[in-house]
Amino acid sequence: MPVKTRSYAAMAGVAALGAAGAAAVWAYFSTKQGVFKLNRKLRGCALKPEELAAHDGADSSKPTLLAIRNQIYDVSSRPDMYGPAGSYPFAGKEIARALAKMSVRPEDCTSDLSGLTEEELEVLADWEAKFTKYPVVGHVLVS
């Protein structure tokens, strides 16, 4: 019975952490490497675009971040995909329009969705669903 007691205690501990604590536990165990450490200073952050740009993956001491519709995701677990040399070099940027247009052009890295077709907006929604596997750490301040 000690195993049951420990598992109930663990469940109670996670419940006591609340939503933010549960999100941190999920972020830790959901990554491929299991080594992800949520940067406590950034959880719930509100960053200006120029502050987001500082999280482009070039500095390994900072988490790698990107934003979609002003919601900031920590993609540190996938530098091969989103870092400076990745397949989609989007780290440090707001990329909603680029995802909708299936573009890697720097000028498409913006939250401006004006002029997009219904099909492009559906593509964006599909991408957003794929990003639910990454922790949301905050939002971009818009002026």
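The values are calculated or read from the model by the stated rules, or taken from the named source; none is laboratory data. In this text the structure is predicted, and so the values were computed from the model without any measurement. All Cβ positions, glycine included, derive from the backbone under ideal geometry; neighbour counts span all protein chains shown. Calculation scope for accessible area: heavy atoms of the full protein, side chains included, ligands and nucleic acids excluded. Shrake-Rupley method; radii C 1.70, N 1.55, O 1.52, S 1.80 Å.
List of remarks:
- For Leu141, nonlocal amide neighbours, meaning residues 5 or more places apart or on other chains whose placed amide H falls under 5 Å from its own, are Leu47, Lys48.
- Nearest-0.05 FRET efficiency for Asp59 and Ala129, computed from C-beta distance (R0 41 Å): 0.90
- Region 45-140, accessible surface, carbon-and-sulfur percent (1.4 angstrom probe): 51
- Near Glu94, the amide H atoms lying under 5 Å from its own belong to Ala67; only residues 5 or more places off or on other chains count, and H is placed 1.01 Å from N.
- The accessible-area ordering, largest first, of the residues Ser77, Ser143, Ser61, Ser111 stands as Ser143, Ser61, Ser111, Ser77, per a 1.4 angstrom probe.
- Cα-centred dipole magnitude for region 45-140, charges only on beta-carbon of K, R (+1) and D, E (-1), debye, nearest 20: 260
- Karplus-derived HN-Hα couplings along region 83-88 (A = 6.51, B = -1.76, C = 1.60, θ = phi - 60°), whole Hz, x at Gly and Pro: x, x, 9, x, 4, 10
- Between Ser76 and Thr64, the built amide H atoms are under 5 Å apart, and every one of these is 5 or more places off in sequence or on another chain.
- Computed from phi, the 3J(HN,Hα) profile of region 108-125 under the Karplus parametrisation 6.51, -1.76, 1.60 (θ = phi - 60°) reads 8, 7, 7, 8, 5, 9, 5, x, 6, 7, 4, 4, 5, 5, 5, 4, 4, 4 Hz, with x in place of Gly and Pro.
- Phi angles across region 66-80 convert, under the Karplus curve 6.51 cos²θ - 1.76 cosθ + 1.60 with θ = phi - 60°, into 3J(HN,Hα) values of 8, 10, 10, 6, 6, 9, 8, 10, 8, 10, 4, 6, 10, x, 5 Hz, Gly and Pro given as x.
- Extension gain, Met81 to Cys45, is 10.6 nm, computed as 0.36 nm per intervening residue step minus the present C-alpha separation.
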